[in-house]
Structures are given as C-alpha cells and as structure tokens.
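The values are calculated or read from the model by the stated rules, or taken from the named source; none is laboratory data. What you are looking at is a predicted structure, and each value in this text was computed from that prediction instead of being measured. Heads up, the Cβs are rebuilt from the backbone with ideal geometry, glycines too, and the neighbour counts pull from every protein chain shown. Keep in mind that these areas ignore ligands, DNA and RNA; they rest on the heavy atoms of the full protein, side chains included. Shrake-Rupley method; radii C 1.70, N 1.55, O 1.52, S 1.80 Å.
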Amino acid sequence: MIQECNNYSLLPHNTFGIDVKTAHFIEYDTEEDLRRLFTSGKVARPWLPIGSGSNLLFLKDYEGTILHSRINYLKLTDETKEKVHICVGSGVEWDDFVAYCVQHGWYGAENLSLIPGEVGAAAVQNIGAYGVEVKDIIESVTTMDVQGNEQVYAVEACHYGYRHSIFKEIEMQNKIVTSVCFCLRKTEGFTLNYGTIREELKNYSGEPTLPNVRQAIIDIRKNKLPDPSVVGNAGSFFMNPVVDRTKYESLKNDYPDMPYYNVDETRVKIPAAWMIDRCGWKGQTRGAVGVHDKQALVLINKGGAKGSEVAALAEEIKLSVFQQFKIDIFPEVKFV
Ligand code: EPU
C-alpha cells in the first residue's frame, strides 16, 4: 500500500523533535509499491528517503517529497549449524531486529541494542557501538533506482568505513535501500572489551548470555544517552575525528589523560566527547538547546527548538574545540 500526504508535519519523524513540515510525504509497504511510485513519476525532485529521522537535523520546512519505507519483512534465507542468513526490509525498527536475533539465540547484533532508527538507515550510516559496526554482520544491501531496477551490493562493494558507506556518496542519489541481508552466528561469541560492558555484566550472575549482554548494553545506553521520546536528540552529534599520529603525540604531551583509539599505524581516533567536555560544554544551554549533562557529544532540544538554534550551538562547539585542540570536528548528523 502507498500512503501520501501534503503539507505534513515531520515532528513524529525526527528524533530531535524539530517542528517542520514537508510539502509531500509518502510511505510505501513493498518494493513493488516503491517501483510504482518511481515509474509513475509521482516522486518529483527534490526527494529524500528517511528512516526514523534519528540522524537528521531539519533547518527549515522541506520543499519536496519525503519517502518513508514500511517494508517490514524478516526472511530467513539460509541456515546451517553455525550460521543464519536473514534478509530484512528497510523499514524494520533496528532494535526490533536486534531483539529478534537475541530471542532466536543468534550472535552478532547484541552490542548494537537500543540504537534508534530503521534497518535501511542503519546500513547507510554503518551504525556502530561498543566495538561493533553493522557492517560486521551485513552480507549484502539491496537498492532500487528511480527506474525501478534493483541492485544488490555485496558487503565489500558497500565501501564501509566509520559511519560511512557508498550509499552516502553522490552517485547513489538516484537509489534507495530497500532491504539488508545479514549473517548471524549460532555459536557463542561476544565482543565485551569496550568501555564498561564487563563491569555492567557483573550485575548478572554466571557466564554472559545473549539476553544479559543485550540488557547490559541497554542499561549503559539508558544511563548515558537521553531517551529521544522524552528529550529531543540525535545521539552523537559529531563524529570522532581521526588525526595523524604526530598530531596525537603532541596532544598527548599536553593532555596525558586523553583517551584515544588506534585506527592503524599512522592514524588515531580522538573522542570528540572528551574534547567538548574539556572545553566545558557538558550541561551548558543556549535558550531551547543544550549539551547533555551526561554525554558531551549529544546536543538536546529542551523544547520547541528550531534546527537553526541547534546548528548555531554546534558551530560554537566546533569553534571552541578548534581553538583549544586545533582539530576540526564534523557533524555525524545530516543537516536538511
Ligand atoms: N567522554 C568524556 N566526556 C563525555 C563523554 C565521554 O570525556 O561527556 C570520554 C569517555 O570517558 C571515553 C570517550 O570520551 O573515554 C569516549 O566516550 P564513549 O565511549 O561514551 O563513546 P563516544 O566516542 O562518545 C561513540 C559513538 C556512539 C557509541 C559509543 C559507544 C561516535 C560519534 N559515537 O561515542 O554512537 O554509542 O561510542 O560505542 O562514534 C551515535 O553514533 O549516535 C552514538 C551514540
């Protein structure tokens, strides 16, 4: 089924809770619906596919068509003693998929518990948390172009990097992700060495289990990150910058307690949250917007904020980080 609306409020479709409208809003349930939409010419430029709007900042009303997938199947395509292969519609809630994997005893997705958003956007953004990125469990991604042709990208062809994929590149602007195929393990194997996971797991007796690891991740996230249904936000606002090792060494001299992650022999990732925190931003407010008091990387809408106010605060933060550390930080959130 296809549903269309004109002059439609995007308030329920962006987790920042910015009150803007779109000229047209279209939802579709199947690949066939999307093909009909494209080939009938109903989708005029500009158009923008969105998931649950958990990584978007709307600066003004959208003068085009917003497309939202409700393709919501989970199809088991193959199963062996060790592995399952499952293809999932782009409109499935990401965390519903993680919960499904955990319930079925499939390993690989549990560290990505409670990340807001939908499966299609997760594959575009290469969501990541607690030592795992979604690319680690993706086998292929299927897209549809404006002529209605489907194309399957094997994971190697997706050019995955830190919060990056080929689907963010300019050549993909004629395509929409319609489904994602995953491979999960049936044999036990956890990623527990990131941050406080092991500490959190001490709340549970015995060896780690899938439900306990999922719950530990949920508890860590709930403790640090504001619930978007209560306080508008889009998770990490900035990406963690990657700097060369010489830059890192000189910073380390000035700030011996600076956390970091090795990327490769020549590059190091510095947590933007730590730098923003050192600049004194945690808990600061500017009118209707502010910096979360438990995670400096999260900007919040305290109620009725405009996108431009969030963008102005982000610019102020970016400048102060540059002044203190001589490092440029860039938004993870997409401005529309
Ligand atoms: N830190 C501070 N002050 C703060 C917050 C953090 O000094 O206010 C320090 C922490 O002590 C730690 C370091 O900064 O040493 C990194 O913090 P954390 O582990 O919380 O992770 P992050 O780098 O801030 C990234 C992802 C998150 C993901 C977490 C956990 C990015 C942009 N963000 O955050 O992803 O949940 O790691 O893996 O890579 C998201 O993308 O929306 C998101 C929430």
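Of the residues in the range 261-276, how many are open to solvent by 60 Å² or more (accessible area, probe 1.4 Å) and either within 12 Å of the ligand (Cβ to nearest atom) or within 19 Å of residue 195 (Cα to Cα) (or both)?
3
Of a type in the set (S, T, N, Q), buried (at least 18 other Cβ atoms within 10 Å of the Cβ) and either more than 18 Å from residue 14 (Cβ to Cβ) or at pLDDT 95 or above (or both): is that true of residue 301 in this structure?
So residue 301 passes the test.
Just the residues that are within 11 Å of the ligand (Cβ to nearest atom) and either open to solvent by 10 Å² or more (accessible area, probe 1.4 Å) or more than 21 Å from residue 240 (Cα to Cα) (or both), please, taken from the range 118-138.
Result: 125, 127, 128, 129, 130, 131, 132, 133.
If I filter the range 304-336 down to residues being within 15 Å of the ligand (Cβ to nearest atom) and among the β-branched types (Val, Ile, Thr), which single residue comes out as surrounded by the most Cβ atoms within 10 Å (Cβ to Cβ)?
Selected residue: 310.
I'd like to check something: does the range 159-173 contain any residue that is within 16 Å of the ligand (Cβ to nearest atom) and either part of a strand (DSSP E or B) or over 19 Å from residue 333 (Cα atoms) (or both)?
Yes, that holds for at least one residue.
Inside the range 141-158, can you point out the residues that are open to solvent by 20 Å² or more (accessible area, probe 1.4 Å), part of a helix (DSSP H, G or I) and hydrophobic (A, V, I, L, M, F, W, C)?
Listed by number, the residues that qualify are 155, 157.
Find all pairs meeting these conditions: Cβ atoms under 6 angstrom apart; at least six residues apart or on different chains; first residue within the range 229-258 and farther than 24 Å from residue 127 by Cα; second residue among the β-branched types (Val, Ile, Thr) and in a loop (DSSP other than H, G, I, E, B).
245/266
For the range 301-314, state whether one or more residues are touching a residue at least 24 places away in the same chain (Cβ under 8 Å) and touching a Ser or Thr at 6+ places or on another chain (Cβ under 8 Å).
For the range 301-314, residues touching a residue at least 24 places away in the same chain (Cβ under 8 Å) and touching a Ser or Thr at 6+ places or on another chain (Cβ under 8 Å): present.
Just wondering, is there one or more residues in the range 219-230 that are in contact with a Ser or Thr (Cβ under 7 Å, 6 or more places away or on another chain) and either surrounded by 16 or more Cβ atoms within 10 Å (Cβ to Cβ) or assigned by TED's automatic domain parsing to the domain that holds residue 96 (or both)?
For the range 219-230, residues in contact with a Ser or Thr (Cβ under 7 Å, 6 or more places away or on another chain) and either surrounded by 16 or more Cβ atoms within 10 Å (Cβ to Cβ) or assigned by TED's automatic domain parsing to the domain that holds residue 96 (or both): present.
Which fully enclosed strands (runs of 3 or more DSSP E) of the range 211-318 have 2 or more residues being over 22 Å from residue 335 (Cα atoms)?
Counting at least 2 such residues, we get 242-244, 267-269.
So residue 98 fits all but one of (1) at pLDDT 95 or above; (2) in contact with a strand residue (DSSP E or B) (Cβ under 7 Å, 6 or more places away or on another chain); what number is the exception?
That leaves (2) as the condition not met.
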